[in-house]
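The values are calculated or read from the model by the stated rules, or taken from the named source; none is laboratory data. Bear in mind that the values here come from a model prediction, so they are computed numbers and not experimental data. Neighbour counts are summed over all protein chains in view; Cβ atoms, including those assigned to glycine, are modelled from backbone coordinates with ideal geometry.
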């Protein structure tokens, strides 16, 4: 639910962690104010990184205001507001959900087809508004939607890892490269596109790994059925390298260390992708969130500086509880 990327892993109590949380909560508030109160729950770490990247390219500091986020009873804290990158990231989030629902409605059968179709019609006003926001900024919305709609055609050919991930890579590349236009830094379009395309491929491959067993059971396409799983780790390593290289090549105006921390910490959390995946055996259950995973907003992974046990007990380097996340 919260995306491929992880929150940064700076020293406990650092200003970088606070800035990340302010942008996470700011995006949640922007989704709520621009689309609906329910839309705030679509906030995720991938979209937060997009907003953060935009803020890092800007010449001016991100405006802040003291307010609460998801919990009106919580203590007020600085929350990002009125930044162009927040509006852009919110519109991308809504458009991404609409595209995903439409894709699921095309691929599935029975109630699995009807449910996303119904949800898609329900959010159509928000989708249209988000499309208007993107179009007004000069974003090639129609081109990106067309790229994503090629996914089914490519999969029908029995595509392997690279070809199957191409629509997602192209779309993410376009989404991130557009930040250059938004901030008047067109010379950065290429490295931003490389950053986004690598992220898109990694997201697609991670989904393929996670869904492999279910796809086999339901007879659905998965690139792991059409190319040897042993070939995937080398491709993942190449995208990890490009992701880090592109990040380092971009002359961020601010928050460069925070951007790198998010990328490096995310790669660290996805090291299992460097091993050939296996579809056999029972599907691994996702670990349940313990009490210390939740704050005013969900932006503090206790794994950033502590390991949370299943009973809410945290073994931290920073105390008996996840004080680094302000979850006490």
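Between 266, 228, the distinction of being in the same structural domain as residue 152 (by TED's automatic domain parsing), out of contact with any helix residue (DSSP H, G or I) (no Cβ under 9 Å at 6 or more places or on another chain) and either more than 30 Å from residue 15 (Cα to Cα) or surrounded by 15 or more Cβ atoms within 10 Å (Cβ to Cβ) (or both) belongs to 228 only.
Within the stretch 221-273, the residues that satisfy the criterion of being outside any helix (DSSP H, G or I) and over 30 Å from residue 58 (Cα atoms) are 221, 222, 226, 227, 228.
The set of residues in the stretch 132-149 that are exposed (fewer than 15 other Cβ atoms within 10 Å of the Cβ) and more than 15 Å from residue 98 (Cβ to Cβ) comprises 136, 138, 140, 143. The set of residues in the stretch 150-203 that are buried (at least 19 other Cβ atoms within 10 Å of the Cβ) and more than 27 Å from residue 259 (Cα to Cα) comprises 151, 161, 164. When 53, 39 are checked against the criterion of being in a helix (DSSP H, G or I), over 22 Å from residue 259 (Cα atoms), touching a helix residue (DSSP H, G or I) at 6+ places or on another chain (Cβ under 8 Å) and in contact (Cβ under 8 Å) with a residue 24 or more places away in the chain, a single residue qualifies: 39.
If you go through the stretch 156-211 and pick out every residue that is part of a helix (DSSP H, G or I), free of Cβ contacts under 8 Å to residues at least 12 places away in the same chain and farther than 28 Å from residue 229 by Cβ, you end up with 2.
Got at least one residue in the stretch 30-43 being over 22 Å from residue 269 (Cβ atoms), modelled with pLDDT of 90 or more, buried (at least 23 other Cβ atoms within 10 Å of the Cβ) and not assigned by TED's automatic domain parsing to the domain that holds residue 198? Within the stretch 30-43, one or more residues are over 22 Å from residue 269 (Cβ atoms), modelled with pLDDT of 90 or more, buried (at least 23 other Cβ atoms within 10 Å of the Cβ) and not assigned by TED's automatic domain parsing to the domain that holds residue 198.
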